[in-house]
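The block underneath contains the structure these notes are about, expressed in structure tokens.
The values are calculated or read from the model by the stated rules, or taken from the named source; none is laboratory data. Everything numeric here is computed off the predicted structure, so don't read it as measured data. All Cβ positions, even for glycine, are placed from backbone atoms using ideal geometry, and neighbour counts span all protein chains on display.
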Protein chains: 4
Amino acid sequence: MKKNKPKYRQIIEAAVVVIAENGYHQAQVSKIAKQACVADGTIYLYFKNKEDILISLFQEKMGTFVEIIEGKIAGKETAAEKLLMLVETHLKLLSEDLHLAIVTQLELRQSNKELRLKVNEVLKGYLNLIDKIIIEGIEKKEFGSSLDVRLARQMIFGTIDETVTSWVMNEQKYDLPALAGPVHQLLINGCGYQKA
Amino acid sequence: MKKNKPKYRQIIEAAVVVIAENGYHQAQVSKIAKQACVADGTIYLYFKNKEDILISLFQEKMGTFVEIIEGKIAGKETAAEKLLMLVETHLKLLSEDLHLAIVTQLELRQSNKELRLKVNEVLKGYLNLIDKIIIEGIEKKEFGSSLDVRLARQMIFGTIDETVTSWVMNEQKYDLPALAGPVHQLLINGCGYQKA
Amino acid sequence: MKKNKPKYRQIIEAAVVVIAENGYHQAQVSKIAKQACVADGTIYLYFKNKEDILISLFQEKMGTFVEIIEGKIAGKETAAEKLLMLVETHLKLLSEDLHLAIVTQLELRQSNKELRLKVNEVLKGYLNLIDKIIIEGIEKKEFGSSLDVRLARQMIFGTIDETVTSWVMNEQKYDLPALAGPVHQLLINGCGYQKA
Amino acid sequence: MKKNKPKYRQIIEAAVVVIAENGYHQAQVSKIAKQACVADGTIYLYFKNKEDILISLFQEKMGTFVEIIEGKIAGKETAAEKLLMLVETHLKLLSEDLHLAIVTQLELRQSNKELRLKVNEVLKGYLNLIDKIIIEGIEKKEFGSSLDVRLARQMIFGTIDETVTSWVMNEQKYDLPALAGPVHQLLINGCGYQKA
DNA sequence: TATGAATGAGTTTTCATTCAT
DNA sequence: GATGAATGAAAACTCATTCAT
């Protein structure tokens with residue numbers, strides 16, 4: 001499996017750095033190769049084409065993302081606590097890796113429609129995680145019984161995403177993880193939260 | 001003033017159509033010119049360069065957008081009613097103009113960072129409108145007194161934006177304006193809404 | 001005759017200024033029109049095309065040039081005196097009209113081969129004048145009897161031309177007309193001058 | 001070093017041919033590439049841009065030019081003999097390479113001011129060579145003691161240059177190297193030559 | 001496996017010229 | 001005669017991808 005070879009990860013990490021520092025449209029394959037200390041041609045031994053680097057990058061990073069959050073959530077009892085942990089971890093992970101934050105919030109969105117559809121495919125794992133929390137919240141009567149799962153998920157993801165994007169675009173002037181509490185409050189309010 | 005000449009609007013409208021139908025990266029100036037029924041060179045009598053078409057497009061459309069919503073809101077008494085009108089109008093206007101929705105939700109986000117910063121400049125007018133409603137809600141005790149205006153705004157804009165983007169990406173399978181009520185409910189809940 | 005109408009000269013003078021100040025490749029027809037205070041289209045009532053402006057410009061200026069020098073020479077007795085007057089006048093006229101000097105020495109040489117051939121056609125009047133002086137000098141035994149007229153003419157024109165070009169390119173740091181004496185000395189030496 | 005790779009010279013030689021045969025303004029990069037039997041993009045592996053081809057071309061050719069003449073001159077004793085060798089070699093080298101003669105005498109002068117300044121930089125090596133001969137001639141009492149070096153150099157270069165240009169423009173109807181003797185005679189006369 | 005030299009398709013913008021008013 | 005809005009052809013350069021070594 002190519003994904004376990006060191007150069008595979010080397011190239012992915014190089015891509016994150018190059019895209020974050022140069023922008024999506026200035027992230028030429030040759031720059032990524034140089035940053036990864038491999039020849040241009042070597043890239044094509046590990047990836048089908050340039051787009052494949054980006055999709056793989058997103059898959060790898062988002063896969064780790066979902067795993068970490070799933071792990072953190074596992075120990076929590078209520079949906080509200082799980083949601084808090086999700087918001088906290090989401091904000092923490094991205095605020096700790098500015099390169100990744102820039103890439104996911106700004107640069108990767110400049111890709112074409114086709115790539116974005118594939119990125120969305122990857123995102124589904126994360127959205128499913130959110131859905132599960134919402135459904136659990138409804139079942140446990142924490143959230144309103146008439147809550148529309150899709151809309152609630154769009155609110156949750158849309159709010160967190162917009163919060164991170166604003167933070168990135170405003171040059172990280174403020175403490176992002178500190179917003180976890182207030183954002184969480186907005187979200188459970190939105191979900192019609194009732195203390196159990 | 002060039003902006004009042006018929007060709008100016010003609011080119012803007014052509015750009016919306018061409019970008020929506022071909023995607024941002026396949027929207028060559030020559031395609032826009034052909035769609036607008038003018039010569040390639042004519043574009044440059046009205047716009048400084050290609051980017052200028054896109055910025056002008058966004059300014060024109062978003063300007064209209066904000067004006068219409070401001071007009072609709074004017075007659076409403078409470079912040080909650082104003083927010084409902086904003087959500088309704090936002091969803092309605094974009095669902096009625098699919099080309100525009102595709103351009104604003106998908107294609108324009110593929111532009112480079114510089115263009116996106118200018119787009120954000122234009123967006124500020126809309127975000128200010130949201131801020132005013134939130135502040136009014138807090139002052140009138142409709143919303144929680146501890147509500148963070150910036151976060152609330154990010155929730156409101158993030159949720160609506162994500163809702164429209166999902167609708168566009170899911171090929172408009174469902175009735176977007178019909179979501180105004182439920183979305184509104186989520187948002188005022190999030191804001192800690194108390195009936196006056 | 002169009003050449004006597006005021007706008008004809010107005011456009012020629014404007015062309016000299018615009019070319020001298022902006023360079024040959026930045027001397028667009030629209031700039032010349034603006035400098036001449038006429039509409040772009042008006043240019044084409046007086047000139048066939050852009051090249052025609054440049055040829056006419058050179059013809060007008062060079063025509064005047066030759067006439068003036070012919071006038072000045074008429075009173076002189078010897079070939080050596082005539083040559084001195086030619087050098088003096090050539091250097092004086094161009095040093096007094098820097099715009100014209102820049103255009104003839106630098107900018108007009110950037111035109112294409114076809115235009116340069118036509119410019120040479122115009123130059124012939126001036127070269128004939130030089131030839132007449134050389135022939136007179138040979139006949140009057142001032143110059144060597146074996147002097148090759150064509151080569152002598154190339155030396156005389158080449159030397160003066162190179163002298164003016166150097167002066168223009170060196171930002172006119174020195175007194176050009178003051179070089180007339182020494183340059184004349186070089187030239188008559190070259191021609192095998194013998195005091196009569 | 002790129003300059004030693006075969007494609008570097010291949011492209012330079014192709015550029016000389018294409019410019020000579022099509023003229024400066026019709027010498028598109030794609031034409032040069034085709035003539036050099038390389039892809040358009042390959043040009044940009046060896047040259048920064050189109051202008052860089054022209055400057056390199058001139059540097060390479062003029063460098064060789066100066067070297068050859070320096071070599072030929074080395075064995076000569078008097079300034080007059082050195083000057084004769086310089087004129088002979090100058091006329092011979094250009095008459096033997098018509099493509100190069102067309103490029104240096106006609107086409108390269110159509111370039112913009114910036115390029116011409118760089119060309120002049122390269123020319124300085126040649127002009128210095130001329131200066132050295134003049135100074136030697138003055139010191140050895142071959143030339144007049146009051147001879148102005150700059151003017152003498154302008155006469156020498158201007159005369160040779162004009163001679164070659166006339167030959168090129170007159171479609172090489174006559175034997176250019178045969179003019180070396182007479183031209184040399186004009187020039188040493190001009191310098192106030194006295195047999196030692 | 002790894003390399004990196006070579007490829008060549010693809011697009012914005014300028015500006016001389018025209019012609020309806 | 002005079003205008004100036006409209007035209008549309010034309011070219012340098014980039015960069016993802018390949019393939020001989």
For the range B:1-30, what are the residues that are out of contact with any Leu (no Cβ under 9 Å at 6 or more places or on another chain), closer than 19 Å to A:Glu114 by Cβ and either more than 8 Å from DNA strand E (Cβ to nearest atom) or not in a loop (DSSP other than H, G, I, E, B) (or both)? B:Val18, B:Glu21, B:Asn22, B:His25, B:Gln26
So, B:Gln35, is that one assigned to a helix (DSSP H, G or I), more than 26 Å from A:Glu114 (Cβ to Cβ) and out of contact with any strand residue (DSSP E or B) (no Cβ under 6 Å at 6 or more places or on another chain) or not? no
Candidate set: the range B:161-174, residues that are surrounded by fewer than 19 Cβ atoms within 10 Å (Cβ to Cβ) and without any contact (Cβ under 8 Å) to a residue 24 or more places away in the chain; chosen: the one farthest from A:Gly192 (Cα to Cα): B:Glu171
For the range C:90-114 the number of residues that are away from every other protein chain (no Cβ under 14 Å), farther than 23 Å from D:Asn112 by Cα and in contact with a helix residue (DSSP H, G or I) (Cβ under 6 Å, 6 or more places away or on another chain) is 1
Test each condition in (1) more than 12 Å from chain B (Cβ to nearest Cβ); (2) under 19 Å from B:Glu162 (Cα atoms); (3) basic (Lys, Arg) for A:Arg153 and report the one that comes out false. (1)
If you scan the range D:53-69, which residues turn out to be more than 16 Å from DNA strand E (Cβ to nearest atom) and farther than 15 Å from D:Arg116 by Cβ? D:Glu60, D:Lys61, D:Gly63, D:Thr64, D:Phe65, D:Val66, D:Glu67, D:Ile68, D:Ile69
Within the group C:Lys31, C:Lys50, C:Lys76, C:Lys5, which residue is away from chain D (no Cβ under 14 Å), within 15 Å of DNA strand F (Cβ to nearest atom), without any contact (Cβ under 8 Å) to a residue 40 or more places away in the chain and more than 17 Å from the chain's Cα centre (by Cα)? C:Lys31
Exactly one of D:Glu107, D:Glu67 is touching a Gly at 6+ places or on another chain (Cβ under 7 Å) and within 30 Å of D:Ala33 (Cβ to Cβ), and that residue is D:Glu107
Do we find a residue being charged (D, E, K, R) and modelled with pLDDT under 90 anywhere in the range C:78-97? no
Residue that is modelled with the highest pLDDT, among those in the range C:115-150 that are within 9 Å of chain D (Cβ to nearest Cβ) and within 19 Å of the chain's Cα centre (by Cα): C:Arg150
Mind listing whichever residues of the range B:31-40 are more than 15 Å from B:Leu54 (Cα to Cα) and within 14 Å of DNA strand E (Cβ to nearest atom)? B:Lys34, B:Gln35, B:Val38, B:Ala39, B:Asp40
Of the residues that sit in the range D:38-47 and are assigned to a helix (DSSP H, G or I) and away from every other protein chain (no Cβ under 14 Å), which one is farthest from DNA strand F (Cβ to nearest atom)? D:Tyr46
Select from the range A:26-36 the residues that are polar (S, T, N, Q) and surrounded by 13 or more Cβ atoms within 10 Å (Cβ to Cβ) and write down the one among them that is modelled with the highest pLDDT. A:Gln35
Kindly check whether there is at least one residue in the range C:37-48 that is among the β-branched types (Val, Ile, Thr), within 12 Å of C:Val122 (Cα to Cα) and surrounded by fewer than 20 Cβ atoms within 10 Å (Cβ to Cβ). no
Hits in the range D:139-160 (condition: buried (at least 19 other Cβ atoms within 10 Å of the Cβ), assigned to a helix (DSSP H, G or I) and free of Cβ contacts under 8 Å to residues at least 60 places away in the same chain): D:Leu151, D:Ala152, D:Arg153, D:Gln154, D:Met155, D:Phe157, D:Gly158, D:Thr159
